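Colleague: Take a look at the following structure, please.
The values are calculated or read from the model by the stated rules, or taken from the named source; none is laboratory data. From a predicted model like this one, the values you see are computed outputs, not experimental measurements. Because the Cβ atoms are built from the backbone with ideal geometry, glycine has one as well, and the counts that use them run over all protein chains shown. Calculation scope for accessible area: heavy atoms of the full protein, side chains included, ligands and nucleic acids excluded. Shrake-Rupley method; radii C 1.70, N 1.55, O 1.52, S 1.80 Å.
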Amino acid sequence: MELKDIYENVINGQAPAVEAGVKAALASGVAADAILNQALIAAMDEVGRRFEEGDFFVPEMLIAARAMQAGLNHLKPYLAESSIKSAGKVAIGTVKGDLHDIGKNLVAMMLEGAGFEVKDLGVDVSPEAFVKAAQEGAQVVGMSALLTTTMSNMEKTIQALKDAGLRESVKVIIGGAPVTQDYANRIGADAFAPDASSATRTVRQLLGN
Ligand code: B1M
């Protein structure tokens, strides 16, 4: 199985074929970081591009992200051994009071697909839990909210980061259906992203990658 086949199978959302492809490539001696960069990450970049151009929609992106994840799960033990460097550490969660996680999961998967080390804090995440993740080394804190009633917890989290003396050392990106760039400006977030693929690009920019 060639890297190009893995790449195509990720784009087409063929999880079992991606997994089989990764196993075959490893067995034939292809380096884990080559599989990651030239097949999995490259494919997710292409998926993001197609999404932004309106050729792909959320379902296709989700299916591709799951296929990428299937390959990545198999690759992870080998990556630990390789010299690959993480693109950066991101802690992501859905804010307190909010249980919507489909968009957040998609953003997390796209970030992981782009080579970031992602700590998924889950849903209903308190400001204190985001602060703890920043204390534990997250360079970027990502918050998602789907309810107008929970958006204010983004501002509370930013305040909690300030109170903990961490605001200068961590970048904050926010997103979710009711969230806007205006709102991000108003609450002092570093960035807003309207969708998962632009979130990846924005996090790269925030970290100067
Ligand atoms: Co809820 N819900 N829901 N719901 N739900 C909405 C959000 C709602 C708009 C539906 C409606 O009334 N039309 C409405 C909110 C209204 C408002 O606040 N203005 C609503 C409501 C009211 C509720 C409940 C209060 C209903 C009730 O119980 N009375 C309740 C709240 C529970 C809670 O959270 N405490 C509730 C519950 C649920 C379910 C559990 C049934 C389920 C969630 C399942 C789950 O997530 N595991 C659910 C669902 C599925 C929805 C809708 C239908 C779909 C949301 C979704 O997954 N979209 C939603 C209506 C809608 O949006 N059409 C709705 C797909 C997803 C890929 O998009 O999450 O926007 P999204 O993510 C995008 C971008 O926003 C962005 O990238 C993603 C991918 O492109 N993005 C980020 C997201 N996070 C980001 C973070 C970033 C960057 C980008 O940086 C960190």
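Colleague: Might you let me know whether region 42-56 holds any residue that is free of Cβ contacts under 8 Å to residues at least 40 places away in the same chain, of a type in the set (Phe, Trp, Tyr) and surrounded by fewer than 16 Cβ atoms within 10 Å (Cβ to Cβ)?
Modeller: No, every residue in region 42-56 fails to be free of Cβ contacts under 8 Å to residues at least 40 places away in the same chain, of a type in the set (Phe, Trp, Tyr) and surrounded by fewer than 16 Cβ atoms within 10 Å (Cβ to Cβ).
Colleague: Continuing with this model, one more query. Cβ contacts < 7 Å: first residue open to solvent by less than 80 Å² (accessible area, probe 1.4 Å), restricted to region 114-137; second residue assigned to a helix (DSSP H, G or I) and among the acidic types (Asp, Glu), any location; separation 6+ or different chain. Result?
Modeller: As it stands, the answer is 118/112, since those pairs meet every condition given.
Colleague: Oh, and also: Of the residues that make up region 158-168, is at least one within 12 Å of the ligand (Cβ to nearest atom), surrounded by 16 or more Cβ atoms within 10 Å (Cβ to Cβ) and of a type outside the set (Val, Ile, Thr)?
Modeller: no
Colleague: Scan region 176-196 residue by residue and report those that are closer than 17 Å to residue 89 by Cα and either of a type outside the set (D, E, K, R) or outside the structural domain of residue 142 (by TED's automatic domain parsing) (or both).
Modeller: Across region 176-196, the qualifying residues are 191, 196.
Colleague: If you don't mind, there's one more thing I want to ask. Residue 27: surrounded by 16 or more Cβ atoms within 10 Å (Cβ to Cβ) and not assigned by TED's automatic domain parsing to the domain that holds residue 169, yes or no?
Modeller: no
Colleague: Could I ask something else about it? Would a scan of region 3-12 turn up a residue that is farther than 15 Å from residue 66 by Cα, in contact with a Ser or Thr (Cβ under 8 Å, 6 or more places away or on another chain) and open to solvent by less than 70 Å² (accessible area, probe 1.4 Å)?
Modeller: Looking through region 3-12, none of the residues is farther than 15 Å from residue 66 by Cα, in contact with a Ser or Thr (Cβ under 8 Å, 6 or more places away or on another chain) and open to solvent by less than 70 Å² (accessible area, probe 1.4 Å).
Colleague: Mind telling me which of the residues 123, 107 ends up being modelled with pLDDT of 95 or more and of a type outside the set (S, T, N, Q)?
Modeller: Only one candidate passes the filter, namely 123.
Colleague: Restricting attention to region 87-107, report how many residues are in a strand (DSSP E or B) and open to solvent by less than 30 Å² (accessible area, probe 1.4 Å).
Modeller: 6
Colleague: Residues in region 108-162 that are over 9 Å from the mean Cα position of the chain (by Cα) and part of a helix (DSSP H, G or I): how many?
Modeller: 20
Colleague: Whether any residue in region 21-39 is of a type outside the set (S, T, N, Q) and on the phi > 0 side of the Ramachandran plot is what I want to check.
Modeller: Scanning region 21-39 turns up at least one residue that is of a type outside the set (S, T, N, Q) and on the phi > 0 side of the Ramachandran plot.
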